[in-house]
Amino acid sequence: MDFSSFDTRLENTVYKNLRIGLIWASKISLITLLLITIVIWVDFIHTKNSNLLLTTINFAIQGLLFASSWLFFVHNKTLQHYKIIAAIYALLFGITWGGTIINLNNLGHAYVIVEIIGNLLFLVILLSFYTYRIAVYLAILPILIFTTWYSIEDPRFNLLFSFTKLAITLIIIESGRQLLFKWFTTRITQEHDNKRLLSELAQLSFTDQLTQINNRRFFDFAIDKQIINAKHHNTPLSIILIDIDYFKLFNDTNGHVKGDICLKSVAVTIKNSLLRSNDTVSRYGGEEFVVLLPNTDIHGACRVAKRIQQNLAILAINHSASDISHSVTVSQGIATWQTNQRPNQLINNADNHLYNAKELGRNQYCSA
């Protein structure tokens, strides 16, 4: 059971968070722009102010930009592509909101309202882009420059105050970003470790401890899944039930330690005889193995059985107690799934063919 590396998982999660953040920032921007536009029209509708229409047009352009960005970011893209677009969007976000601050200043709003909007925007940017530092600062710096310039222009504040505020704001933003990113990476690490542990436990539960191939539990799980696939896609499915000939005599003659070595060698040979990645072999019990062959008809299964037989002959594990050969051999029963056949019926069919192979003299495969 494969699972992504930590770096891949982190990149995928950064991509998802960045995408969600971009959409969220666009929505918040649209809502904030709408509220500001309503407020300035209520405040200035009865006064003569040449900047009112210009400010409204500016806000409308920003609204179109953020709406277009939101529609654009709804579609999936690669992480690298998304980072480039996010950086461009963040820069436009900062510049256009900086322009908004200037417009508010031109309309006569006080320093306090500029600070409120600036702090709100810093919060939006931090929560939206904290997984991507470049985007954070491309969005924040234009707004910070405009708000700092506004405080410099305000006669109530001196230059030292403005630059102190600028430095403190940057420190707070970077500290917040690092805190959020640390929390983010910690959660991803925990999730990755948990999934890795679950994968390892699942692998252990599906692995035969002696032969290190799949066990019967894996086969029972896999055959149910493959029958569903065969039924859904109308494709063939075959299994081969394999039994080592005279294995009890092998154990009695050579001892159980060599018997275990023999089982391991046969398991590896069967596994190496399977040429496709979705073909699997499992230890069915004792000296029995079962091969599961998706998308394989009876003729294809017979070719696999013949290959197993040939590879075992090449391996030539000495079996002096065998009545049919001086080396270890196997008998094989082949069955192909029939429509509406249950797993136990398919296995019983293969078992009957295995019995026939033994009755015919062993060291052969039987499919009928």
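The values are calculated or read from the model by the stated rules, or taken from the named source; none is laboratory data. Bear in mind that the values here come from a model prediction, so they are computed numbers and not experimental data. We place every Cβ from the backbone using ideal geometry, glycine too, and count neighbours over all the protein chains shown. Remember, those area values only see protein heavy atoms, side chains included, never the ligands or the DNA or RNA. Shrake-Rupley method; radii C 1.70, N 1.55, O 1.52, S 1.80 Å.
Which condition number in (1) at pLDDT 70 or above; (2) in contact with a helix residue (DSSP H, G or I) (Cβ under 7 Å, 6 or more places away or on another chain); (3) assigned to a helix (DSSP H, G or I) is the one that Ile84 fails?
The failed condition is (2).
Could you check segment 181-224 and list, in sequence order, the residues that are over 13 Å from Val281 (Cα atoms), touching a residue at least 40 places away in the same chain (Cβ under 8 Å) and more than 22 Å from the chain's Cα centre (by Cα)?
Leu210, Asp224, listed by residue number.
Open to solvent by less than 80 Å² (accessible area, probe 1.4 Å) and in contact with a helix residue (DSSP H, G or I) (Cβ under 6 Å, 6 or more places away or on another chain): which single residue out of Asn356, Asn349, Asn311, Asn363 fits that description?
Checking each option against the conditions leaves just Asn311.
Within segment 241-250, which residues are open to solvent by 20 Å² or more (accessible area, probe 1.4 Å) and within 17 Å of His326 (Cβ to Cβ)?
Matches in segment 241-250: Tyr246, Leu249.
Let me spell it out: the conditions are (1) surrounded by 15 or more Cβ atoms within 10 Å (Cβ to Cβ); (2) out of contact with any Gly (no Cβ under 7 Å at 6 or more places or on another chain); (3) not small (Gly, Ala, Ser), and Arg216 meets all of them except one. Which number is the exception?
Against the list (1) surrounded by 15 or more Cβ atoms within 10 Å (Cβ to Cβ); (2) out of contact with any Gly (no Cβ under 7 Å at 6 or more places or on another chain); (3) not small (Gly, Ala, Ser), Arg216 comes up short only on (2).
List the pairs whose first member sits in segment 356-368 and is more than 9 Å from Ser331 (Cβ to Cβ) and touching a residue at least 60 places away in the same chain (Cβ under 8 Å), whose second member is open to solvent by 60 Å² or more (accessible area, probe 1.4 Å) and part of a loop (DSSP other than H, G, I, E, B), and whose Cβ atoms are under 6 Å apart, counting only residues at least 6 apart or on separate chains?
none
Taking the conditions exactly as written (at pLDDT below 95 and among the charged types (D, E, K, R)), does Arg276 satisfy them or not?
In short, yes.
Anything in segment 253-296 that is part of a loop (DSSP other than H, G, I, E, B), without any contact (Cβ under 8 Å) to a residue 60 or more places away in the chain and surrounded by 15 or more Cβ atoms within 10 Å (Cβ to Cβ)? List them, or say none.
Once the filter is applied, which keeps residues that are part of a loop (DSSP other than H, G, I, E, B), without any contact (Cβ under 8 Å) to a residue 60 or more places away in the chain and surrounded by 15 or more Cβ atoms within 10 Å (Cβ to Cβ), segment 253-296 yields Ser273, Leu274, Asp279, Glu287.
Is there a residue being modelled with pLDDT under 85, open to solvent by 10 Å² or more (accessible area, probe 1.4 Å), in a helix (DSSP H, G or I) and within 20 Å of Ile20 (Cα to Cα) anywhere in segment 91-104?
yes
Name every residue in segment 176-213 that is within 26 Å of Asp279 (Cβ to Cβ), in a helix (DSSP H, G or I) and either in contact with a Lys or Arg (Cβ under 6 Å, 6 or more places away or on another chain) or open to solvent by less than 50 Å² (accessible area, probe 1.4 Å) (or both), in order of residue number.
Those that are within 26 Å of Asp279 (Cβ to Cβ), in a helix (DSSP H, G or I) and either in contact with a Lys or Arg (Cβ under 6 Å, 6 or more places away or on another chain) or open to solvent by less than 50 Å² (accessible area, probe 1.4 Å) (or both): Ser199, Ala202, Ser205.
Quick one: is Ala139 closer than 30 Å to Thr13 by Cα and at pLDDT 85 or above?
Yes; evaluated as a whole, the condition is true for this residue.
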